[in-house]
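The values are calculated or read from the model by the stated rules, or taken from the named source; none is laboratory data. Just so you know, these numbers come straight off a predicted model, no measurement behind them. Cβ coordinates were reconstructed from backbone atoms using ideal geometry, including for glycine residues, and neighbour counts include every protein chain displayed.
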Amino acid sequence: MELIIAVFALVAAVALYIMFTYNAFVGLRVRINEAWSDIEVQMKRRYNLIPNLVETVKGYASHEAGTLENVTRARGEALANQGTPAEQAQSENMLTGALKSLFALSENYPDLKANDGFLQLQHDLSLVEEKIQAARRYYNGTVRNNNTKVARFPSNLVAGQFKFEAAEFFELDEDEDAARRPVAVDLG
């Protein structure tokens, strides 16, 4: 009788472990999807700001058509890309590079740099970039938690049995030189 109770307790403990581990994986999957959705929302906000920015710059720098076309093309490609996080990161990196050249272009036009509409768009874009970074950090943290659980024993047995897999990180290229340079402060 004691053996039957011990076997039943062991089976119940294993079943509870499987149930809790399965539910943890489901929770992680939901958090990953939610975090990715947050990234997509911020990227769409970014995409919506870019045409206004391009139009504002056109008024001041109409003969810089190549730069404006690159920004417009990169925006279109990023907007159309519905691939994996790595594929989307590649499109985002191209768009970021195009925007950097657009803002570098604005340095040559003092009237543009002083334009209230341009300054507001630049500020709004900066805020969206910060939100994208925050959403990306949350997403990648959730992916890290999921991937750790998928790889660790004994949860890896549950993951394998129920087809839970490691998720893909969303990694953007960071300008290492820019991160090392001191921040320029303009006091007036």
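Summary table
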read-out	value
Residues located in the range 93-119, provided they are part of a helix (DSSP H, G or I), modelled with pLDDT under 90 and over 15 Å from Leu68 (Cβ atoms)	Pro110, Asp111, Lys113, Ala114, Asp116, Gly117, Leu119
Count - residues of the range 123-137 that are surrounded by fewer than 16 Cβ atoms within 10 Å (Cβ to Cβ) and touching a residue at least 24 places away in the same chain (Cβ under 8 Å)	1
Qualifying position, being of a type in the set (A, V, I, L, M) and in contact with a helix residue (DSSP H, G or I) (Cβ under 8 Å, 6 or more places away or on another chain), among Val54, Val30, Val11, Val26	Val54
Verdict on Ala80 being aliphatic (A, V, I, L, M) and at pLDDT 85 or above	yes
Filtered residue count, the range 72-88, keeping only those that are surrounded by 17 or more Cβ atoms within 10 Å (Cβ to Cβ) and closer than 27 Å to Ala166 by Cβ	4
First in the range 103-119 and free of Cβ contacts under 8 Å to residues at least 40 places away in the same chain and basic (Lys, Arg), second anywhere and part of a helix (DSSP H, G or I) and surrounded by 14 or more Cβ atoms within 10 Å (Cβ to Cβ), Cβ under 6 Å, 6 or more apart	Lys113/Ser106
Residue within the range 2-10 that is within 23 Å of Glu130 (Cα to Cα) and either surrounded by 17 or more Cβ atoms within 10 Å (Cβ to Cβ) or among the acidic types (Asp, Glu) (or both) present	no
Given (1) among the hydroxyl-bearing types (Ser, Thr, Tyr); (2) without any contact (Cβ under 8 Å) to a residue 60 or more places away in the chain; (3) surrounded by fewer than 19 Cβ atoms within 10 Å (Cβ to Cβ), number of the condition Ser91 does not satisfy	(3)
Tally of residues being more than 13 Å from the chain's Cα centre (by Cα), assigned to a helix (DSSP H, G or I) and surrounded by 15 or more Cβ atoms within 10 Å (Cβ to Cβ) across the range 46-71	13
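Condition check ((1) among the basic types (Lys, Arg); (2) in a helix (DSSP H, G or I)) across all residues:
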| position | (1), (2) |
| --- | --- |
| Gln82 | no, no |
| Ser91 | no, yes |
| Leu121 | no, yes |
| Tyr138 | no, yes |
| Arg144 | yes, yes |
| Val150 | no, yes |
